Structures are given as C-alpha cells and as structure tokens.
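A short worksheet on the structure shown next.
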Amino acid sequence: MNTLENTIATLIDQEGLPESYANTVQQIIVPLVHYASQLYRSAQRTLVLGIHGAQGTGKSTLSLFMRELLSKHWNCPTACFSLDDIYLTRAERWELAEQVHPLLITRGVPGTHDLELGQRVIDQLRSAQPKDETAVPVFDKAMDDRAPADDWPVFKGRPTVILLEGWCVGARAQSKEALITPVNLLEEQEDTERVWRDFVNQCLNTTYKDFFSQLDSLIMLKAPSMESVLEWRTLQEHKLAVRIRTAVAATDKSKQLQVMSDDEIARFIMHYERITRASLAEMPARAEVVIGVSESHFLSFKVEPPIHMGYPDRPRDL
C-alpha cells in the first residue's frame, strides 16, 4: 500500500536527504499541501502557486514534495516547472547581450526568460482535456541551452495546481532612485551607465509583473541573509567539484573540471544580489506563506499557517 509515509520515505531516499527530513515534511510541507488543496476546493479551477526563494533555499525540493503529495495523496494532480526551464536559448541571450548589455548573456535575471513560452504552457495546462498532453520545457544547464522539445516531459490532462518556482518569482521592480547606487562591484564596474539594471528593472515592471499577476498565492522561502546565499552556493559548487573529480578519475583524467572558483561564484551571485536583497526586505509582508530558512537549512513558518494561509480573494497586487 502506497501510504503517505511510504511516499515521503521514498522521496527522501531519492533526493539523498537525511531521515530527519521526514519531520520537516510533516511540520512544513504537509500543511502547505493541505493549504494548496483547500485553495483548489474553494476556487474549483486550476490554480497557479508561486514558490519564491533565493539560490540554495530548497525550492526544487519543496516543489517536488508538494507535487508528489498533492498528486498521490490529496487527489490534486499537480504540474510543476521552474523559471529556470524557460530561459531564452543561448543564441537569443547572445543577441540580447549584443543589443542591450553584455551582462545579459548570463541567464537568470528578468529579461533572460521566455515568458511567452511559459504562458503558453500555463494556458495549455489550464485548458487541457483529460486525454491532452502538455509538453513542459526543460533547460539543460550543462549545455547552457534549452533541451530539444522531444526531450521535454509531458503532463497528461488538466492539473488542479500548477507550481511555478524560481528565485525571482513574484519579485517587484524598484524605484529609479534605488537603482542609482550600485549594490556590488559587478554593478559598479560592469554596469557604469546603469543600462543593465535599468533593463532588468523595466522587465520586472512590465512583462514579469503581468506574468506574476496570475499567481493565486505566493509562497516565500526566506533566506537568513545574502551572505548565506553566497555560502550555500559556494558549498554546492564544492560538492559538484568532488562529484566531477570522482567521475573523471573513473574515466578520462584529461578532462577539465566544469566548476567555478570561489571568486567566480561570488561574481555569479552578484547578478542576483539586488533583486534578492530587495525581495528579502519587502516580500515577507505580502506573501501568503513565508517559510524561514535557517543557516543550517532548517525550515520554519514565520507566521503560524492558519493565520498566514488565507485564500487570496483579490487580484495579486504586484
């Protein structure tokens, strides 16, 4: 019998998580799943739930558990995709970098996603008939390009819930005055005329604002600080280096490691620092659900679920 406990244990083993993560699932994720199912029961239409969190906060893990539990134990078929999966192709980003600013070759910031593709996927899922199949995009980060459409996974039928996760999901534009002072060396040295940050901010204030306005609820995984984000991302890269060294040792020792140095990671994170800091400051006051992520990655509700998880009966004010 495929019980809830069995599903949780299987996912924990699959993701290489400690057995103690079962407590986090019961205390944090199960209430979230119940919340999502109640939203659907109230609305009786396909819902789009946004999951926001800086790099390393655990968005993908949370989305996976919510999708599996909703689909298998709450009778709520759930589709899930990430903003990472709808990046512009590498060729499109090269063109953007040449036409607007060189920093736009680096994927991640608003303006480097194909929101039209994302909207088509959401619209197809919302209107799908029981036998319809919707291909969900996949981005191959190893190739820094979108995977061939033939390799995209397929969702069958119409979901009750669509989970949209990403580091800048639900983020707001800043005032023009806020853009004047650089937040790091990347902005100070490589965006001296503010062309890049103005472009990114304008995207947030227009196409991304429209795209995020369809969210029925916003769930925020709140990192303790920007410094923790850098620490987590650096640790991830160190672990990746170990895995690659092990794989290379077993095959071709002449291959070069495809990992970043600590300085390269620090520069990479600077691309996301402005929006991450702004979201950490203002988003907790408007997200329907705020989950604190400690420096040790322990999750906790910032406000008790029954109080914080109210059904949004108004259009999202983004």
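The single condition from (1) under 18 Å from the mean Cα position of the chain (by Cα); (2) at pLDDT 95 or above that Q124 fails is (1). Residue count for the stretch 142-190, restricted to those that are closer than 22 Å to L70 by Cα and in contact (Cβ under 8 Å) with a residue 40 or more places away in the chain: 12.
In this entry, A281 is excluded by the filter for residues that are loosely packed, with under 14 Cβ neighbours inside 10 Å, closer than 30 Å to Y21 by Cβ and modelled with pLDDT under 65. Screening Q174 with (1) surrounded by fewer than 17 Cβ atoms within 10 Å (Cβ to Cβ); (2) of a type in the set (S, T, N, Q); (3) under 30 Å from D198 (Cβ atoms) gives one miss only, at (1).
If you check I180 against the conditions, is it of a type in the set (A, V, I, L, M), open to solvent by 50 Å² or more (accessible area, probe 1.4 Å) and either at negative phi or touching a helix residue (DSSP H, G or I) at 6+ places or on another chain (Cβ under 6 Å) (or both)?
Details: of a type in the set (A, V, I, L, M): yes; open to solvent by 50 Å² or more (accessible area, probe 1.4 Å): yes; either at negative phi or touching a helix residue (DSSP H, G or I) at 6+ places or on another chain (Cβ under 6 Å) (or both): yes.
Answer is yes for this residue.
Look at (1) surrounded by 12 or more Cβ atoms within 10 Å (Cβ to Cβ); (2) in contact with a strand residue (DSSP E or B) (Cβ under 9 Å, 6 or more places away or on another chain); (3) farther than 30 Å from Q44 by Cβ; (4) acidic (D, E) and you find that D151 fails only one, number (1). What residue, among those in the stretch 140-155 that are touching a Ser or Thr at 6+ places or on another chain (Cβ under 8 Å) and under 24 Å from T61 (Cβ atoms), is modelled with the lowest pLDDT? Applying the filter and picking the extreme gives R146.
Scanning the stretch 97-121 for residues that are assigned to a helix (DSSP H, G or I), more than 20 Å from the chain's Cα centre (by Cα) and either crowded, with 18+ Cβ neighbours inside 10 Å or hydroxyl-bearing (S, T, Y) (or both) yields a single hit, L103. Residues being among the acidic types (D, E) and either modelled with pLDDT under 90 or in contact with an Asp or Glu (Cβ under 7 Å, 6 or more places away or on another chain) (or both) are entirely absent from the stretch 220-230. Taken over the stretch 184-200, residues that are open to solvent by 20 Å² or more (accessible area, probe 1.4 Å), within 30 Å of L49 (Cα to Cα) and of a type outside the set (D, E) amount to 1.
The set of residues from the stretch 89-108 being in contact with a Phe, Trp or Tyr (Cβ under 9 Å, 6 or more places away or on another chain) and of a type in the set (G, A, S) comprises just one member, G108.
The values are calculated or read from the model by the stated rules, or taken from the named source; none is laboratory data. What you are looking at is a predicted structure, and each value in this text was computed from that prediction instead of being measured. We place every Cβ from the backbone using ideal geometry, glycine too, and count neighbours over all the protein chains shown. Only protein heavy atoms, including side chains, enter the accessible area calculation; ligands, DNA and RNA are left aside. Shrake-Rupley method; radii C 1.70, N 1.55, O 1.52, S 1.80 Å.
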